[in-house]
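K.L.:
Sending over a structure as structure tokens; questions will come in a sec.
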Amino acid sequence: MKKLKYILSIAFVIILVVTMIFINRENKEYESTIYAMNTVMTIKAYGPNAQKGITAAVSEIYRLEHELSVTEPSSKIYEINNASGEPVELVQQKASNDVGDTSDTSALLKESVYISKLTDGAFDISIYPIVKAWGFTEDEFRVPTEEEIKELLNMVGYESIIINDATGSAGVQIPAGFMIDLGGIAKGYAADRVRDILVESGVKNAIINLGGNVLTLGSNPGLGDWKIGIKNPLSDGDIATTVTANNKAVVTSGSYERYFEKDGVRYWHILDPKTGYPAKSGIASVTIIADSSTYADAMSTASFVMGVDKTEELYRQCGDFDYVIVTESGKICSSLNE
Ligand code: AMP
Ligand code: MG
């Protein structure tokens with residue numbers, strides 16, 4: 001009897017140690033922080049496949065940074081912006097010689113135009129000439145004259161972006177003088193790609209933060225749900241609220257993210273495509289929670305332009321996102337309280 005007890009307790013200790021080793025392996029955290037797409041990006045992944053996944057994800061981010069860049073002459077976006085009104089082919093050759101529309105640029109252009117239609121032009125990638133005029137591209141901030149903005153508004157309008165992929169040879173055409181920029185959606189897209197790569201690598205739990213575009217995978221090892229703090233846009237360093245978000249994108253757009261001040265007036269980087277001026281909808285920051293980070297990124301920019309009421313209207317219409325808005329007066333409006 002004594003012997004059996006002894007054997008059982010030895011077996012128990014062995015099982016405990018093996019379980020502890022396994023949990024330790026599964027929960028082991030790997031982290032990488034890089035600077036890309038003009039922002040700080042952090043990927044934290046857990047488990048035995050994490051390091052391999054992170055390495056692959058980081059190269060994908062750098063690849064996308066080049067492909068989607070508005071300033072690099074080798075990018076498709078640069079080619080489109082400098083095509084003087086001529087169509088630009090977007091076709092990519094697949095390894096199997098099967099010609100198809102597979103480029104990230106193409107996918108993002110389509111999604112961008114889709115969101116523009118959905119938001120009645122609040123999100124508009126053709127706003128770029130005005131973003132540039134305000135100096136947000138090169139950090140050479142200035143306040144353009146009213147005439148300049150009026151003139152530039154003639155070169156803004158997503159309706160003029162023609163995407164032709166009916167025949168399998170996808171192409172895009174914008175009028176001469178028009179310019180597009182994926183700054184309001186590209187980081188969200190990159191986060192979706194990072195998540196896909198981590199999953200392909202066998203990672204089960206991760207948290208990706210690409211400059212405010214947060215995307216979670218699985219749960220927080222050892223702690224349960226992923227809890228994401230939303231910054232208080234009105235008070236530096238404070239958290240306005242926290243959301244629980246497993247396998248979700250949590251993307252914030254706010255006036256505090258990029259701005260400059262001139263003669264006591266603050267001008268920020270999210271512009272209203274209807275006026276050409278920084279969007280003044282009463283929102284200080286908006287966080288969109290959705291399955292897709294690409295969608296959440298574009299929608300957060302759009303929501304900032306649209307304001308609380310239109311965001312709420314779209315929330316009821318679409319049913320595929322949640323929102324947390326902090327208004328300029330500090331009020332929190334959220335679909336999560338319902
Ligand atoms: P985000 O931080 O995702 O809200 O994106 C803001 C960036 O998107 C800006 O820095 C601009 O490059 C670009 N942008 C500004 N206003 C708009 C707009 N109304 N629609 C689409 N992109 C915009
Ligand atoms: Mg955005």
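The values are calculated or read from the model by the stated rules, or taken from the named source; none is laboratory data. Everything quoted here is computed from the prediction, not taken from an experiment. With ideal geometry, Cβ positions are generated from the backbone for all residues, glycine too; neighbour counts draw on all protein chains shown.
K.L.:
With the requirement that a residue be free of Cβ contacts under 8 Å to residues at least 24 places away in the same chain and within 11 Å of ligand 1 (Cβ to nearest atom), what does region 279-297 give you?
P.N.:
Here is the first cut: in region 279-297, the ones free of Cβ contacts under 8 Å to residues at least 24 places away in the same chain are 280.
Within region 279-297, no residue meets the criteria.
K.L.:
Moving to a separate point now. Give the residue that is nearest to ligand 1 (Cβ to nearest atom), with candidates limited to residues of region 180-203 that are part of a loop (DSSP other than H, G, I, E, B) and over 11 Å from the mean Cα position of the chain (by Cα).
P.N.:
As a first pass, look at region 180-203 and keep what is part of a loop (DSSP other than H, G, I, E, B): 180-185, 201-203.
Among the residues that remain, those that are also over 11 Å from the mean Cα position of the chain (by Cα) are: 180-181, 201-203.
Values: ILE180: 9, ASP181: 5, SER201: 27, GLY202: 30, VAL203: 26 Å.
If we take residues in region 180-203 being part of a loop (DSSP other than H, G, I, E, B) and over 11 Å from the mean Cα position of the chain (by Cα), then ASP181 is nearest to ligand 1 (Cβ to nearest atom).
K.L.:
Answer yes or no: is there a residue in region 132-149 that is within 16 Å of ligand 2 (Cβ to nearest atom) and either more than 25 Å from SER84 (Cα to Cα) or within 16 Å of the chain's Cα centre (by Cα) (or both).
P.N.:
no
K.L.:
Okay, moving on. Filter region 246-267 for residues that are surrounded by fewer than 20 Cβ atoms within 10 Å (Cβ to Cβ) and over 30 Å from THR145 (Cα atoms); which is nearest to ligand 1 (Cβ to nearest atom)? If you could, list the steps in order and put the result at the bottom.
P.N.:
As a first pass, look at region 246-267 and keep what is surrounded by fewer than 20 Cβ atoms within 10 Å (Cβ to Cβ): 246-247, 256-267.
Next cut, over 30 Å from THR145 (Cα atoms) only: 246-247.
Numbers: ASN246: 23, ASN247: 21 Å.
Only one residue tops the list, namely ASN247.
K.L.:
Let me ask you something else. Any residue that is within 22 Å of LEU153 (Cα to Cα), surrounded by fewer than 16 Cβ atoms within 10 Å (Cβ to Cβ) and at pLDDT 95 or above - is there at least one of those in region 268-276?
P.N.:
Here is the first cut: in region 268-276, the ones within 22 Å of LEU153 (Cα to Cα) are 268-276.
The next check asks that each one be surrounded by fewer than 16 Cβ atoms within 10 Å (Cβ to Cβ); those that pass are 274-275.
With at pLDDT 95 or above added as a condition, the list becomes 274-275.
Within region 268-276, one or more residues are within 22 Å of LEU153 (Cα to Cα), surrounded by fewer than 16 Cβ atoms within 10 Å (Cβ to Cβ) and at pLDDT 95 or above.
K.L.:
Condition first: part of a strand (DSSP E or B) and without any contact (Cβ under 8 Å) to a residue 24 or more places away in the chain. Now tell me which residues in region 217-240 satisfy that. It would help to see each step written out before you state the result.
P.N.:
Going residue by residue through region 217-240, those that are part of a strand (DSSP E or B) are 217, 220, 224, 227-231, 239-240.
Scanning region 217-240 gives ASN220, GLY224, LYS227, ILE228, GLY229, ILE239.
K.L.:
Continuing with this model, one more query. Tell me, which strands (runs of 3 or more DSSP E) wholly within region 241-338 include 2 or more residues that are under 20 Å from the mean Cα position of the chain (by Cα)?
P.N.:
Values: elements: 249-254, 259-262, 265-268, 283-290, 322-327, 332-334.
So the answer is 249-254, 283-290, 322-327.
K.L.:
Here are the criteria: (1) in contact (Cβ under 8 Å) with a residue 24 or more places away in the chain; (2) out of contact with any helix residue (DSSP H, G or I) (no Cβ under 8 Å at 6 or more places or on another chain); (3) surrounded by 19 or more Cβ atoms within 10 Å (Cβ to Cβ). Tell me which single one GLY188 does not satisfy.
P.N.:
Condition not satisfied by GLY188: (2).
K.L.:
A further question on this structure: Do we have any residue at all in region 107-121 that's under 27 Å from GLU65 (Cβ atoms), among the hydrophobic types (A, V, I, L, M, F, W, C), part of a strand (DSSP E or B) and modelled with pLDDT under 90?
P.N.:
no
K.L.:
Across region 144-179, what is the total count of residues that are more than 16 Å from ligand 1 (Cβ to nearest atom) and in a loop (DSSP other than H, G, I, E, B)? Break it down stepwise before answering.
P.N.:
Let us first name the residues in region 144-179 that are more than 16 Å from ligand 1 (Cβ to nearest atom), namely 145-148, 150-151, 154, 162-173, 175-177.
Filter once more, keeping what is in a loop (DSSP other than H, G, I, E, B): 145, 154, 165-170, 175-177.
Counting residues in region 144-179 that are more than 16 Å from ligand 1 (Cβ to nearest atom) and in a loop (DSSP other than H, G, I, E, B) gives 11.
K.L.:
Let me ask another. Go through the residues of region 26-47 one by one and say whether even a single one is modelled with pLDDT under 75 and under 29 Å from GLY222 (Cα atoms).
P.N.:
Taking region 26-47 and keeping what is modelled with pLDDT under 75, we get 26.
Cutting the leftovers down to under 29 Å from GLY222 (Cα atoms) gives us 26.
For region 26-47, residues modelled with pLDDT under 75 and under 29 Å from GLY222 (Cα atoms): present.
K.L.:
Within region 118-131, take every residue that is within 11 Å of ligand 1 (Cβ to nearest atom) and closer than 18 Å to PRO175 by Cβ and give me the one that is farthest from the chain's Cα centre (by Cα). Give the derivation first.
P.N.:
Within region 118-131, the first condition is being within 11 Å of ligand 1 (Cβ to nearest atom), and the residues that meet it are 119, 121-128, 130-131.
Going one step further and asking which of them are closer than 18 Å to PRO175 by Cβ, we end up with 121, 124-128, 130-131.
Details: GLY121: 18, ASP124: 15, ILE125: 14, SER126: 18, ILE127: 18, TYR128: 18, ILE130: 21, VAL131: 18 Å.
Result: ILE130.
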